[in-house]
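The values are calculated or read from the model by the stated rules, or taken from the named source; none is laboratory data. All figures in this text were calculated on a predicted structure; none of them were measured in a lab. Glycine gets a Cβ as well: all are built from the backbone with ideal geometry, and neighbour counts include every protein chain shown.
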Amino acid sequence: GAVVSQHPSWVICKSGTSVKIECRSLDFQATTMFWYRQFPKQSLMLMATSNEGSKATYEQGVEKDKFLINHASLTLSTLTVTSAHPEDSSFYICSAGPYLSTDTQYFGPGTRLTVL
Amino acid sequence: GENVEQHPSTLSVQEGDSAVIKCTYSDSASNYFPWYKQELGKRPQLIIDIRSNVGEKKDQRIAVTLNKTAKHFSLHITETQPEDSAVYFCAASRPSSNTGKLIFGQGTTLQVKP
């Protein structure tokens, strides 16, 4: 149980375009999902907390207009990187917690974004 | 703000030896402490976790200890094997008031030499 998927697994795009990444909890419902960014050989940096049916909560320093988050259902959250630039190239990972518990989190496989 | 410090950043051991990774946290309200193992290019995998009402937890070759007074917790891996080589992250959260937001340590790259 507790399987989280992400799509796509990797994406290459041109500078200035927007990229949407999907995060799905496959066998449980998650009221809260989290989006992280990870640069090579670094730790996971929390970008935002995605709450089903309400606005996401962004961490300090993360531009909400650049990283649009939508959590329309208990099994799906999306992250859209708008007007992507080379500095946005990174490994984006989502996580989700079981519906009845808010502590244990399970991670998606990640999305490798490369902006040319 | 909330902070988790993890040491060492790299750790190299001989196969069969033990490995210990230590973390300290700043938020005294933290009550959940998971450990994740991440292989290159893969997702972090939960390997063990501990809650603040417990001082120690063991799962086969892996154990975690928690000292709430000192605000530190440690991961212990015994009889290490080459497949234990990976990056290990500790984390802390206080789910009851913070929607389960995890604060991660900087990570430890463990290398187990055959």
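Summary of values
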{"quantity": "Residue check, B:Q38 in contact with a Pro (Cβ under 8 Å, 6 or more places away or on another chain), farther than 14 Å from B:A92 by Cβ and of a type outside the set (K, R)", "calculated": "yes"}
{"quantity": "Qualifying residue in segment B:8-17 (condition: part of a loop (DSSP other than H, G, I, E, B) and of a type in the set (G, A, S))", "calculated": "yes"}
{"quantity": "Selected residue (only one of A:F91, A:F107, A:F34, A:F39 is loosely packed, with under 15 Cβ neighbours inside 10 Å, within 13 Å of another protein chain (Cβ to nearest Cβ), among the hydrophobic types (A, V, I, L, M, F, W, C) and touching a residue at least 40 places away in the same chain (Cβ under 8 Å))", "calculated": "A:F39"}
{"quantity": "Residues of segment A:94-104 that turn out to be crowded, with 23+ Cβ neighbours inside 10 Å and either among the β-branched types (V, I, T) or modelled with pLDDT of 95 or more (or both), as a count", "calculated": "1"}
{"quantity": "Filter result for A:T82 (among the polar types (S, T, N, Q), more than 22 Å from A:V3 (Cα to Cα) and surrounded by 13 or more Cβ atoms within 10 Å (Cβ to Cβ))", "calculated": "yes"}
{"quantity": "Yes/no for B:V54 being touching a Leu at 6+ places or on another chain (Cβ under 9 Å) and either among the aromatic types (F, W, Y) or within 14 Å of chain A (Cβ to nearest Cβ) (or both)", "calculated": "yes"}
{"quantity": "Count of segment B:15-44 residues which are under 15 Å from B:G105 (Cα atoms) and not charged (D, E, K, R)", "calculated": "14"}
{"quantity": "Residue ID - nearest to the other protein chains (Cβ to nearest Cβ), chosen from residues in segment B:57-99 that are of a type in the set (S, T, Y) and under 21 Å from A:Q42 (Cβ atoms)", "calculated": "B:S93"}
{"quantity": "Selection count where residues are part of a strand (DSSP E or B) and out of contact with any Lys or Arg (no Cβ under 6 Å at 6 or more places or on another chain), scope segment B:25-46", "calculated": "7"}
{"quantity": "In segment A:61-88, the residues that are of a type outside the set (S, T, N, Q) and in contact (Cβ under 8 Å) with a residue 60 or more places away in the chain", "calculated": "A:V81, A:A84, A:H85, A:P86"}
{"quantity": "Scope segment B:9-51; condition more than 12 Å from chain A (Cβ to nearest Cβ) and small (G, A, S); matching residues", "calculated": "B:S12, B:G16, B:S18, B:A19, B:S26, B:S28, B:A29"}
{"quantity": "Residues of segment A:63-73 that turn out to be buried (at least 16 other Cβ atoms within 10 Å of the Cβ) and either within 25 Å of B:F33 (Cα to Cα) or of a type in the set (D, E) (or both), as a count", "calculated": "0"}
